[in-house]
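Written out below as structure tokens is the structure these notes cover.
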Amino acid sequence: MDNEVRHKDLIFSILIKKESNRLLHLGTGFFIGYNGLFSTCGHTFRKIENELISNRFENLYIGFSSKESSLLR
């Protein structure tokens, strides 16, 4: 049971903040390293690469699934 809970905690949503503080779900990722290294599919960022660079990644968030959802930048 502990492994199931731990695996769920490693998966997160990748979100980008658009106009009017609207969040757009880009895809999901999962942590593969203790230093914050994560994996996701290439298409998750490919379409918005220029936007992320021009905004210095300030509009990129990750969200964890829980009873009390939280966003991290």
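The values are calculated or read from the model by the stated rules, or taken from the named source; none is laboratory data. If you're wondering where the values come from, they're calculated on a predicted model, not measured in any experiment. Cβ placement follows ideal geometry from the backbone for every residue including glycine, while neighbour counts extend to all protein chains displayed. The accessibility values were calculated without ligands, DNA or RNA, using every heavy atom of the protein model including side chains. Shrake-Rupley method; radii C 1.70, N 1.55, O 1.52, S 1.80 Å.
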Per DSSP, loop GluC sites (Glu not before Pro) in region 17-63 with at most 13 further Cβ within 10 Å: GLU58
Largest-first ordering by accessible area, 1.4 Å probe, given options ILE16, ILE11: ILE11, ILE16
Accessible-area value, PHE38, 1.4 Å probe, nucleic acids and ligands omitted, Å²: 80
Probe 1.4 Å - accessible area at THR44, Å² to nearest ten: 10
Amide hydrogen neighbours beyond the local backbone of LEU26, cut-off 5 Å, H modeled: ILE14, LEU15, ILE16
